[in-house]
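**Student:** Here it is, the structure in full.
The values are calculated or read from the model by the stated rules, or taken from the named source; none is laboratory data. Remember, it's a predicted structure, so these values are computed and weren't measured experimentally. Don't worry about glycine lacking a Cβ; one is built from the backbone with ideal geometry, like all the others, and counts go over all protein chains shown.
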């Protein structure tokens, strides 16, 4: 049974304490919630809240002019361990939060919450914020998507990347028409400028490697439709699934590592097919001209402006505007990691992630989900291993495999314990170790079940012995049956 | 005042030169370049050899720093080189055998099957592990069974394979060499090879690479060579070079109704229509060196862009050059179909015999012992030269080194260097390397006897009666040249002359491979165990049946019954006839 404990502090500013507090500040309270995944699996979440009033420093920080400044000033005063949350309750009339906004989520692990009259209403609001900043029932369900019955999973849940020890990010520039376009992209600069800060932050979650390539004569699998009205070419939403396959053959898998690959393709359409626009389901053009494929990556179409004079000498030199491209790719990257900011209630204001591209609480969000997923993966792996061993009785377990299994079990147990203590980072590390050990044990070449001779085939070999031996036995059995029948009949005849 | 202004200007310049996205690429030069080349050489027998070379040169050091942004250099290979600490990689997949005796010295030869040799960086600590990993990854990239490379077919040659690229140490423990003579090369190996080309097979010379034609040939060899080279003459920085080469030999004499005429279209069923826009050089060379006594050049049509004269492998050769990038070439006609028509029937008697060639076969009879014989010919009229012979023999042929004899002109020839590493059963093969002096105009016969080992029954491959392959032996030699050669700039000279480093003007480097051998090992009857099981089981079952009957049957005296079968039959017939039964 997995219990996720979120340590959190609720700090009341002056004039924001609700009237119906059960006890006087400070006090502790616990709220539990059960997330059931399927009939057998459920995860309990437990919020350990410490209610207290502000200190002098915090009061001074909350007196800032804007929420952003307050957030920055409050940051050094908070508990900065991963997974912990701090909520500052500000008075109902506070001008810190703009009109109509009740919750401001900062860049770090804190939020400003506007006070409401009763404690119950405040708690309801707090619950919403904490779920946004840690995990929701749906994010946990998505992490456990292997165990959720098919129909119940939201389509979003299949989009998120599976938890892994590392990811390889590949940016590919597809130039199907090098005769007309020479395309240059400063990918090195763009990666250093935009992608690297995000990945540095995410390095806690997994190892990332980034590379890029340019592929020439790589075409999409679909011929776009010509639209006379706009004199442009259109790719409709329903044809997008067919776009990737022919390209994928050229992308080249990562031969040197086993990590999943995230592909981001920038497609410069050939001259005879430009400009090219992607249409959504309703037929309206997609503003970013990009789409993503769940657990695979994203594709962006980058149209080259037609030269002013048609006689312009070919090939045309194109310098890709990397800021525009990277904006789209980063948004897709966030989406694939389940960090989209779409489903936020209107009364919430989220601070932009800033240069790092990722807020602290978003990192926590990812860590919660990945820890749960890792624990589930380990238990699945070990269960299948156990099933395999049950099936083949004479399988040989080498010492190193056994020690990996023991270590995996110990690590996963420690991960569960750490989760129930609220130590998110330690739990994540332990779950990662458990995944590594369990996979190493499961994929050990000595455990290949084909190495073991199945018992039923041994019988087949001895059929030449068993069959002739069975014949006299069966014949005599038949005779015994016949004789007993006769013996039963005979007494009736005697009568 | 002036000083301060200069300082300010300097500061401004420094700020402007700072890195920033979108700025840095403004004046960026291309740091990688692609050259492609096709060499067509009519062979003395009437066959035509076509050698494609695609060379990607990248002015970046793959090993230093995290170079991860690829343009022309294929990412898959670049990552491999960087991740596994490869300094030099040579992979060749070959179908067929280059007949040096009849076809002359090849520009690039490879042994039948798959050949892989790799130099690793001195920083690699566990070379064997890296080698294993590398062969597995390459087997995935090229769809070849290179994953069968293991310690039983890997050797560490000490003298035969020197690095072809830039190297500052030649500690041969960083070298691994393996040949899989059984490997069959086909289209599934060609497709990934073509995929590594920047233009794929969509444009440039690669449009000619049509699998159904390429494999309808006497010899097909495709190779990948990766090596570090000097970036410029001063050689202060390293560039990486990837060469993809492909050689095919078409037999026109037999397939073309006795005519030796050929054209690009006849060979590849395609013609050249455009160039690869990424290539900085794209040329077709045709060897038109005179073949007859009158020293007339061969005539090719359309007229070539230029002529190129060079001394290649000791011979003065003349090449017709078609530069696909020259604008005049495609102006006159939309496509280029190089063709050669022989003016008069050729006298095939005048066949130049290459200076160095070799031959190998298995001798002996019976299934216990045998003999490997290698004949090496030096046909140079007055110069002797040394040759390094590398022999790799699988462990299941037990070589007896005391039977090694080297005989030249009836006298024993003592090798000046010999390196022998005996095999270990199921662990490593025999390695025999010798430096042998070949006197002028001589035949050297090298024989060594072996005994065939018995394998365990699970060690036999499928179809063991086909025999077991023994990889080609490798001859490396500096062959004295008849004509003096000039030193050429590598960047300017055609690709087909620049893979092997030329030593000096008087000799040239040749690497030759002999025929692979097919040896029959004593093969057991694999159905025997099952036959034995069947037979014994039947015997046991029969015995068991009779014992069982004896033990379970009760014997009692029976009254004579109604009679036998005959009597009953008779009674049935009598019934039909209406006669009372017996």
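**Student:** Return only the number of the condition from (1) part of a helix (DSSP H, G or I); (2) within 12 Å of chain B (Cβ to nearest Cβ); (3) out of contact with any strand residue (DSSP E or B) (no Cβ under 7 Å at 6 or more places or on another chain) that residue A:177 does not satisfy.
**Tutor:** (1) is the only condition that residue A:177 fails.
**Student:** Would you point out which residue out of A:218, A:141 is touching a helix residue (DSSP H, G or I) at 6+ places or on another chain (Cβ under 8 Å), within 14 Å of chain B (Cβ to nearest Cβ) and either under 30 Å from residue A:380 (Cα atoms) or crowded, with 18+ Cβ neighbours inside 10 Å (or both)? Break it down into steps so the answer makes sense when it comes.
**Tutor:** Working: A:141 fails: within 14 Å of chain B (Cβ to nearest Cβ).
Within the list A:218, A:141, the selection yields A:218.
**Student:** Sticking with this one: State yes or no: is residue B:213 outside any helix (DSSP H, G or I) and within 25 Å of the chain's Cα centre (by Cα)? Outline the logic, then answer.
**Tutor:** On the way: outside any helix (DSSP H, G or I): no; within 25 Å of the chain's Cα centre (by Cα): yes.
Spelling it out, it is not the case that residue B:213 is outside any helix (DSSP H, G or I) and within 25 Å of the chain's Cα centre (by Cα).
**Student:** Continuing with this model, one more query. Any chance the stretch B:16-27 includes a residue that's in a helix (DSSP H, G or I) and either modelled with pLDDT under 80 or touching a helix residue (DSSP H, G or I) at 6+ places or on another chain (Cβ under 9 Å) (or both)?
**Tutor:** From the stretch B:16-27, those in a helix (DSSP H, G or I) are B:16-17; that's our starting set.
Checking which are either modelled with pLDDT under 80 or touching a helix residue (DSSP H, G or I) at 6+ places or on another chain (Cβ under 9 Å) (or both) leaves us with B:16-17.
Yes, the conditions are met somewhere in the stretch B:16-27.
**Student:** If residue B:311 meets every condition in (1) within 24 Å of residue B:78 (Cα to Cα); (2) touching a residue at least 12 places away in the same chain (Cβ under 8 Å) apart from one, which number is that one?
**Tutor:** All conditions are met except number (1).
**Student:** Next up: Looking only at strands (runs of 3 or more DSSP E) that lie completely in the stretch B:272-344, which have at least 3 residues being modelled with pLDDT under 90 and more than 14 Å from chain A (Cβ to nearest Cβ)? Talk me through it step by step, then tell me what you get.
**Tutor:** Details: elements: B:279-287, B:306-312, B:315-323.
Because the criterion is at least 3 residues that are modelled with pLDDT under 90 and more than 14 Å from chain A (Cβ to nearest Cβ), the strands (runs of 3 or more DSSP E) in the stretch B:272-344 that meet it are B:306-312, B:315-323.
**Student:** Now for a separate question. Tell me whether the stretch B:28-51 contains one or more residues that are within 14 Å of chain A (Cβ to nearest Cβ) and modelled with pLDDT under 50.
**Tutor:** yes
**Student:** OK, next. How many residues, within the stretch A:283-326, are within 25 Å of residue A:182 (Cβ to Cβ), modelled with pLDDT of 85 or more and not in a strand (DSSP E or B)?
**Tutor:** Result for the stretch A:283-326: 12.
Here's the yes/no breakdown for (1) touching a helix residue (DSSP H, G or I) at 6+ places or on another chain (Cβ under 9 Å); (2) under 30 Å from residue B:132 (Cα atoms); (3) away from every other protein chain (no Cβ under 14 Å):
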residue	(1), (2), (3)
A:248	no, yes, no
A:273	no, no, yes
A:324	no, no, no
A:330	yes, no, no
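**Student:** Among A:244, A:187, which is the only one that is more than 21 Å from the chain's Cα centre (by Cα) and within 9 Å of chain B (Cβ to nearest Cβ)? Can you show your working first?
**Tutor:** Working: A:244 fails: within 9 Å of chain B (Cβ to nearest Cβ).
Answer to the selection: A:187.
**Student:** Name the residues in the stretch A:194-215 that are out of contact with any helix residue (DSSP H, G or I) (no Cβ under 8 Å at 6 or more places or on another chain) and within 14 Å of another protein chain (Cβ to nearest Cβ), would you?
**Tutor:** Of everything in the stretch A:194-215, those that are out of contact with any helix residue (DSSP H, G or I) (no Cβ under 8 Å at 6 or more places or on another chain) and within 14 Å of another protein chain (Cβ to nearest Cβ) turn out to be A:196, A:199, A:207, A:209, A:214.
**Student:** Condition check: within 14 Å of chain A (Cβ to nearest Cβ), part of a loop (DSSP other than H, G, I, E, B) and under 18 Å from residue B:221 (Cβ atoms). Does residue B:197 satisfy that?
**Tutor:** Working: within 14 Å of chain A (Cβ to nearest Cβ): yes; part of a loop (DSSP other than H, G, I, E, B): yes; under 18 Å from residue B:221 (Cβ atoms): yes.
Considered against the rule, which asks whether it is within 14 Å of chain A (Cβ to nearest Cβ), part of a loop (DSSP other than H, G, I, E, B) and under 18 Å from residue B:221 (Cβ atoms), residue B:197 comes out as yes.
**Student:** Could you check the stretch B:108-123 and list, in sequence order, the residues that are within 22 Å of residue B:150 (Cβ to Cβ) and either out of contact with any helix residue (DSSP H, G or I) (no Cβ under 8 Å at 6 or more places or on another chain) or within 14 Å of chain A (Cβ to nearest Cβ) (or both)?
**Tutor:** Result: B:110, B:111, B:112, B:113, B:115, B:117.
**Student:** Listed residues A:182, A:223; which is over 19 Å from residue A:329 (Cα atoms), surrounded by fewer than 17 Cβ atoms within 10 Å (Cβ to Cβ) and within 14 Å of chain B (Cβ to nearest Cβ)? Steps first, please.
**Tutor:** Numbers: A:223 fails: within 14 Å of chain B (Cβ to nearest Cβ).
The match here is A:182.
**Student:** Taking the condition more than 27 Å from residue B:186 (Cα to Cα) and in contact with a strand residue (DSSP E or B) (Cβ under 6 Å, 6 or more places away or on another chain), does residue B:87 pass?
**Tutor:** Working: more than 27 Å from residue B:186 (Cα to Cα): yes; in contact with a strand residue (DSSP E or B) (Cβ under 6 Å, 6 or more places away or on another chain): yes.
For residue B:87, the condition - more than 27 Å from residue B:186 (Cα to Cα) and in contact with a strand residue (DSSP E or B) (Cβ under 6 Å, 6 or more places away or on another chain) - is met.
**Student:** Just a yes or no: is a residue in the stretch A:418-437 under 30 Å from residue A:47 (Cα atoms) and more than 23 Å from the chain's Cα centre (by Cα)?
**Tutor:** Yes; the residues of the stretch A:418-437 include at least one that is under 30 Å from residue A:47 (Cα atoms) and more than 23 Å from the chain's Cα centre (by Cα).
**Student:** Which members of the stretch A:464-495 meet the condition of being modelled with pLDDT under 80 and within 14 Å of another protein chain (Cβ to nearest Cβ)?
**Tutor:** If the condition is that a residue be modelled with pLDDT under 80 and within 14 Å of another protein chain (Cβ to nearest Cβ), then A:464 is the only one that fits.
**Student:** Right, something else. Scan the strands (runs of 3 or more DSSP E) fully inside the stretch B:354-427 and keep the ones with 3 or more residues being over 28 Å from the mean Cα position of the chain (by Cα).
**Tutor:** On the way: elements: B:356-363, B:369-378, B:385-393, B:397-408, B:417-421.
It comes to B:397-408.
**Student:** Checking the conditions here, which among A:265, A:251, A:276 is buried (at least 16 other Cβ atoms within 10 Å of the Cβ), under 22 Å from residue B:77 (Cβ atoms) and at pLDDT 90 or above? Explain how you work it out, then say what you get.
**Tutor:** Details: A:251 fails: at pLDDT 90 or above; A:276 fails: under 22 Å from residue B:77 (Cβ atoms).
Answer to the selection: A:265.
**Student:** Additional query: So, of the residues in the stretch B:64-107 that are part of a helix (DSSP H, G or I), farther than 21 Å from residue B:166 by Cα and in contact (Cβ under 8 Å) with a residue 60 or more places away in the chain, which turns out to be nearest to the other protein chains (Cβ to nearest Cβ)? Step through it out loud before you land on a result.
**Tutor:** First pass over the stretch B:64-107, keeping only residues part of a helix (DSSP H, G or I): B:75-84, B:100-103.
Within this subset, residues satisfying the condition of being farther than 21 Å from residue B:166 by Cα are B:75-76, B:100-103.
After this cut, where a residue has to be in contact (Cβ under 8 Å) with a residue 60 or more places away in the chain as well, the list is B:76, B:100-103.
Numbers: B:76: 4, B:100: 35, B:101: 40, B:102: 39, B:103: 34 Å.
Checked the stretch B:64-107; the qualifying residue nearest to the other protein chains (Cβ to nearest Cβ) is B:76.
**Student:** Can I ask one more? Considering only the stretch A:16-31, I want to know if a residue exists there that is within 30 Å of residue A:145 (Cβ to Cβ) and either surrounded by 12 or more Cβ atoms within 10 Å (Cβ to Cβ) or modelled with pLDDT of 85 or more (or both). Explain how you work it out, then say what you get.
**Tutor:** Going residue by residue through the stretch A:16-31, those that are within 30 Å of residue A:145 (Cβ to Cβ) are A:30-31.
Add one more test, that the residue is either surrounded by 12 or more Cβ atoms within 10 Å (Cβ to Cβ) or modelled with pLDDT of 85 or more (or both), and what stays is A:30-31.
Yes, some residue in the stretch A:16-31 is within 30 Å of residue A:145 (Cβ to Cβ) and either surrounded by 12 or more Cβ atoms within 10 Å (Cβ to Cβ) or modelled with pLDDT of 85 or more (or both).
**Student:** Looking only at helices (runs of 4 or more DSSP H) that fall completely inside the stretch A:386-495, which ones have 1 or more residues that are exposed (fewer than 10 other Cβ atoms within 10 Å of the Cβ)? Quick ask: steps written out before the conclusion?
**Tutor:** Details: elements: A:399-421, A:424-442, A:455-461, A:463-494.
It comes to A:399-421, A:455-461, A:463-494.
**Student:** Given the condition at negative phi and over 30 Å from the mean Cα position of the chain (by Cα), answer yes or no: does some residue in the stretch A:127-136 qualify? Outline the logic, then answer.
**Tutor:** Taking the stretch A:127-136 as the starting set, the residues that turn out to be at negative phi are A:127-136.
Still in the list and also over 30 Å from the mean Cα position of the chain (by Cα): none.
No, that holds for no residue.
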